[in-house]
Amino acid sequence: FADNNGDRIFTNNCSSCHLGGGNILIANKTLHKEALSQYLDNYNTESIQAIIHQIKNGKGAMPAFKNKLNEEEILEVAAYVFQKAEQGW
Ligand code: HEM
């Protein structure tokens, strides 16, 4: 995936709460690999699919994006989050 597309989608839709892979609402539920492994359901077995599920459906104070982003955009931003988590943001 082109990194800049995921980067743009993240900046426009996610960075208000997740700037730099953080979480301004629930401080420990970041987008860093350790937090994803600990708090995101099925991250350790499904990784990108688990991120896609969270983006589509939201959770708690995080809004759902399934009616705001299309399938391709969701896949691109999920792949971006996965890659950044692997790289340590
Ligand atoms: C959690 C991704 C937009 C607020 C998460 C998690 C992911 C994620 C992967 C799980 C993190 C973990 O459990 O450690 C994204 C992406 C977004 C986005 C890719 C854009 C498409 C937002 C926005 C907000 C937000 C705009 C604030 C209005 C939260 C909150 C949680 C969370 C509060 C914790 C949910 C809970 O477990 O109670 N996000 N997010 N997110 N996000 Fe987002």
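The values are calculated or read from the model by the stated rules, or taken from the named source; none is laboratory data. Model, not experiment: these values are computed from the prediction. When we count neighbours, we look across all protein chains shown, and the Cβ atoms used for this are built from the backbone with ideal geometry, even at glycine.
Out of Ala2, Ala79, one residue alone is touching a helix residue (DSSP H, G or I) at 6+ places or on another chain (Cβ under 9 Å), more than 9 Å from the ligand (Cβ to nearest atom), at pLDDT below 95 and among the aliphatic types (A, V, I, L, M). It is Ala2. Taking the criterion of being in contact with a His (Cβ under 9 Å, 6 or more places away or on another chain) and within 10 Å of the ligand (Cβ to nearest atom), the only residue of the range 41-53 that qualifies is Asp41. Any residue at all in the range 54-65 that's modelled with pLDDT of 95 or more, within 10 Å of the ligand (Cβ to nearest atom), in contact with a Leu (Cβ under 7 Å, 6 or more places away or on another chain) and among the aromatic types (Phe, Trp, Tyr)? The answer is no, given that none of the residues of the range 54-65 is modelled with pLDDT of 95 or more, within 10 Å of the ligand (Cβ to nearest atom), in contact with a Leu (Cβ under 7 Å, 6 or more places away or on another chain) and among the aromatic types (Phe, Trp, Tyr). Inside the range 31-53, residues that are without any contact (Cβ under 8 Å) to a residue 40 or more places away in the chain, touching a helix residue (DSSP H, G or I) at 6+ places or on another chain (Cβ under 8 Å) and over 19 Å from Glu76 (Cβ atoms) make up a count of 4. Summed over the range 5-38, the residues that are closer than 16 Å to Gly58 by Cα and modelled with pLDDT under 95 give a count of 0. Pairing each residue of the range 54-79 that is under 16 Å from Cys17 (Cα atoms) and outside any helix (DSSP H, G or I) with any residue that is near the ligand (Cβ under 8 Å from one of its atoms) and among the aromatic types (Phe, Trp, Tyr), provided the two are 6+ apart or on different chains, yields C-beta distances under 8 Å for Gly58/Phe65.
Among the residues making up the range 7-45, those that are over 19 Å from Phe65 (Cα atoms), in a helix (DSSP H, G or I) and of a type in the set (S, T, N, Q) are Ser37, Gln38, Asn44, Thr45. When Asn28, Asn13, Asn23 are checked against the criterion of being free of Cβ contacts under 8 Å to residues at least 24 places away in the same chain, within 10 Å of the ligand (Cβ to nearest atom) and surrounded by 13 or more Cβ atoms within 10 Å (Cβ to Cβ), a single residue qualifies: Asn23.
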